[in-house]
1. For the stretch 92-114, which positions are assigned to a helix (DSSP H, G or I) and under 23 Å from Leu151 (Cβ atoms)?
2. Can you go through Arg197, Arg106, Arg156 and tell me which one is among the basic types (Lys, Arg) and surrounded by fewer than 14 Cβ atoms within 10 Å (Cβ to Cβ)?
3. Before we move on, is Ala80 surrounded by 20 or more Cβ atoms within 10 Å (Cβ to Cβ), over 24 Å from Gly209 (Cα atoms) and in contact with an Asp or Glu (Cβ under 6 Å, 6 or more places away or on another chain)?
4. Residues of the stretch 179-193 being modelled with pLDDT of 95 or more and either crowded, with 21+ Cβ neighbours inside 10 Å or touching a Gly at 6+ places or on another chain (Cβ under 6 Å) (or both), which ones?
5. Just one of the numbered conditions (1) within 18 Å of Trp96 (Cα to Cα); (2) surrounded by 13 or more Cβ atoms within 10 Å (Cβ to Cβ) is not true of Val113; which one?
6. Mind listing just one residue for me: the one in the stretch 230-273 that is of a type in the set (A, V, I, L, M) and assigned to a loop (DSSP other than H, G, I, E, B) and, of those, nearest to the chain's Cα centre (by Cα)?
7. Look at the stretch 20-65 and say how many of its residues are touching a residue at least 40 places away in the same chain (Cβ under 8 Å), not aromatic (Phe, Trp, Tyr) and not in a helix (DSSP H, G or I).
8. Report yes if some residue within the stretch 156-175 is in contact with a helix residue (DSSP H, G or I) (Cβ under 6 Å, 6 or more places away or on another chain), among the polar types (S, T, N, Q) and outside any helix (DSSP H, G or I); otherwise report no.
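The values are calculated or read from the model by the stated rules, or taken from the named source; none is laboratory data. Everything numeric in this text was worked out from a predicted model, so none of it was measured. Positions of Cβ are generated from backbone atoms using ideal geometry, with glycine treated the same way; all protein chains shown enter the neighbour counts.
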Amino acid sequence: MLLLSPGLAQAGIALLDLLQRRPLSVPELLSGLPKVGGMSSTAAFSLAEAMAWLDINEAGQLQVSAAGLKVHSADCYEAALRCILFHYVETQRPDWLQNAVYGRSRVLNFCPVGIRQVFVEAGLAGAPDDEVVNFWDWLAGIARGLQNDHLLAIGREGERLTLAHEEARTGTPARWIAIESNQDGYDVLSIRAADDRAFLSIEVKASQGGMGGALHLTRHEWEIALDRPLHVFHLWDLSCALPRLATVTMDEMAVHIPTDAGAGGWEGVEVPFKAFESLFGPALP
């Protein structure tokens, strides 16, 4: 992972300025110029390459790309640093980015010292004017997208495990409903048993948190389940080397479902995996 700092950012800006004035080949840059902007030319080149700031012209020389021009054309140092942070987040997807969903202070407290100083020098740690607010909103949006991608990947793993388990249990391949549409209210369509072809719908929930994990069930998912003739929930514990499965019936789930009261109505519920701990066991091979 590329570690950004104000010094490295300044070296990158200096390199872009140099290449705008005088295109160089990579050997000319690295051998002929030991330092750029106070840092090694190798470090400056590595930054520019990672951020997609460079192109190669027909003569084999480095030139500034469209992305690099956005940094080079910034009207002040703060604006250039903000542009650099945009490119850094988009290209590197650093681990600290996930903190952005919890607000600015969480990022500034948990990111590396060099990154924090870039935020400070970019004017993003001070008074929240419209541009600052827009930046942090953008960063939070990127972080939420990464979280959603991560949760989707966990969910898909659970669905794949259910497909394999159901084929082993019934001898018949199940249908992966969720891959076609997420509007049906369940994820997999199987059958009751090898000798009973009645349809069995399955809602799949997966967690890497073991018994500390939880399933999130929407009202829509529950109402669809109530309308299905045969429906179960597959809960996958992915915290073990060999994933464990709990098959939860409608009656077993119903005791954890809220009811509407007064003028209020529930839209979603979180149920801990621990509530079904006794049901977990090895899946079919």
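1. Those that are assigned to a helix (DSSP H, G or I) and under 23 Å from Leu151 (Cβ atoms): Gln92, Asp95, Trp96, Leu97, Gln98, Asn99, Ala100, Val101, Tyr102, Arg106, Val107, Phe110.
2. Arg197
3. Numbers: surrounded by 20 or more Cβ atoms within 10 Å (Cβ to Cβ): yes; over 24 Å from Gly209 (Cα atoms): yes; in contact with an Asp or Glu (Cβ under 6 Å, 6 or more places away or on another chain): no.
Here the answer is no, as Ala80 does not meet what is asked.
4. Residues satisfying the conditions are Val188, Ser190.
5. (2)
6. That would be Leu238.
7. Keep residues of the stretch 20-65 that are touching a residue at least 40 places away in the same chain (Cβ under 8 Å), which gives 20, 23, 46-47, 50-51, 53, 62-64.
Remaining after also requiring not aromatic (Phe, Trp, Tyr): 20, 23, 46-47, 50-51, 62-64.
The next check asks that each one be not in a helix (DSSP H, G or I); those that pass are 23, 51, 62-64.
Here the count works out to 5.
8. Within the stretch 156-175 (the criterion being in contact with a helix residue (DSSP H, G or I) (Cβ under 6 Å, 6 or more places away or on another chain), among the polar types (S, T, N, Q) and outside any helix (DSSP H, G or I)), the answer is no, since none of the residues qualifies.
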